[in-house]
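To keep things clear, I will list the structure first and then write my remarks on it.
FYI, it's all coordinate maths here, none of it is from the lab. Computed from a predicted structure; not experimentally measured. As a convention, Cβ positions derive from the backbone with ideal geometry for all residues, glycine included, and neighbour counts pool all protein chains shown.
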Amino acid sequence: MKARWMKFLLGGLVLAGAAALVASCAPSSQGPTREVRRTCAECHVDTAASYQSGVVHRPVKEKNCEACHLPHGLVGVMLTRQEQPVLCLPCHSSFRQSSKKKAVHAPVAGGKCSTCHEPHNSPYAGLLKAEGQESCFICHDRGTFTKKHVHAPVSEGCMTCHDAHMSDHPRLLSMDQDAMCASCHATDAKEF
């Protein structure tokens, strides 16, 4: 009987301790504003520090994990507030216009921002997963652009002619095809 009582008491203490831990990380429900008692960075010091190098996403730089993630308390599950792209649209609102564009890059059309971009930090501009046009070759076959005769702008980088996200012009060109050619070539010359 005494052993049963001790198990009951010990179980109650464990539950009370777990509840206190959950409450210390969970948001408070006092008033209309939700106040977080402990920030993610306070509990996840090493993880937060690892995201502070290179190009840092603004919410990460501000240690505002809650902009994208839900606090999790005792259950160690990483939950985002929304799925991509809905999660990204409040800050990157220009992408709401993608349905009105003539050409939309497949990851953008599929709402997969993290195909090309790191969500926290990156050593590369624009939070890209690879440097410059190297990020294009994550999906696009490099062999297509390394033939014997290659159009000169290809060596200057994909963004010389293309927009990475969406465009009012076919094939994600940054301007009308004829205007694009005329930006480098004298199209009124005899050979054209």
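Some notes on this structure:
- The value for region 143-192 of Rg(Cα) / (2.2 N^0.38 Å) is 1.25.
- For residue 166, distant residues with modelled amide H under 5 Å away: 105
- Bridgeable aspartates and glutamates around residue 112 (alpha carbons under 14 Å apart, same-chain partners fewer than 8 residues away excluded): 83.
- In this structure, the pairs whose alpha-carbon distance is over 29 Å, taken from 102/148; 100/190; 148/190; 101/190; 101/129; 101/148, are 102/148; 100/190; 101/190; 101/148.
- Protection-proxy order for peptides 145-157, 53-65, each taking the mean of Cβ atoms within 10 Å per residue, highest first: 53-65, 145-157
- Theoretical FRET efficiency, 1/(1+(r/R0)^6), r = Cβ-Cβ of residue 182 and residue 98, R0 25 Å, to 0.05: 0.35
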